[in-house]
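Bear in mind these aren't lab numbers, they're just calculated from the coordinates by the rules spelled out. Computed from a predicted structure; not experimentally measured. Cβ coordinates were reconstructed from backbone atoms using ideal geometry, including for glycine residues, and neighbour counts include every protein chain displayed.
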Amino acid sequence: MAADSPAPLATAADLKAGQFADLVRDYSPTALDELMIEATRQCEGIAGRRLAPFAAVQESHRAQGIDPDEYSDAGSMPMDIQGTLGTSYANALGAGDQVRHVWLNEYAPRYPELWTYANISVMILRSYGGSQDVTISSLLGPEADSGHVWFSLGTFLPVGSWIRVTYSGGYSTVPADLGRACKLIAASDVLGEIDPAGTQFGHDRGVLSAQAEAILCKYQPT
């Protein structure tokens, strides 16, 4: 089985550089690295979303109906050549009721300028059979602050189809407060192992956990 090895929200060196160095002085480098990975996953669990960079996540979304204002026959406003060709293609297929949007589960709840997406692929599994790989050039997005993907006009995507998206993303630059939360969680975990009574090192495990949760609650889905 492959090891779970995300890029941690804070590194072993970060933990050893601060007030928690005394807690981990007897940990081996490997054990420290594993501790920070575990703390990262715990942070994601509390936040209820991915935060560290991830790769090849696959999601499936059911194609829902669209805003009536986006129907291809909603009006006769001028369009550029791409929009005109797309509308013509959709009309030729006899399908004006096309889906235009999907929202990815993973996006930046805060600091979207620090979040990146990469390696995006989309497959449409149509409700009546057949599939199609969508070219990235026919998509707008995903948007870092919402996960919104917008299909260009004319994409043959009937209501009821499945949209299968595979993508990579996450915080390419870790927000400072997430790094702090990761260190707090790691320190709390260490105390649970070596000083559960809280009498040896002068740190209160409950306080550390509460401080981490106060940070991570700002990243939870709303």
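Between residue 123 and residue 162, the distance separating the two model label sites (each 7 Å from Cα on the Cα→Cβ line) works out to 0.9 nm. Taking 7 Å steps out from each Cα toward its Cβ at residue 31 and residue 214 produces label points 3.1 nm apart.
Taking 7 Å steps out from each Cα toward its Cβ at residue 222 and residue 16 produces label points 4.0 nm apart.
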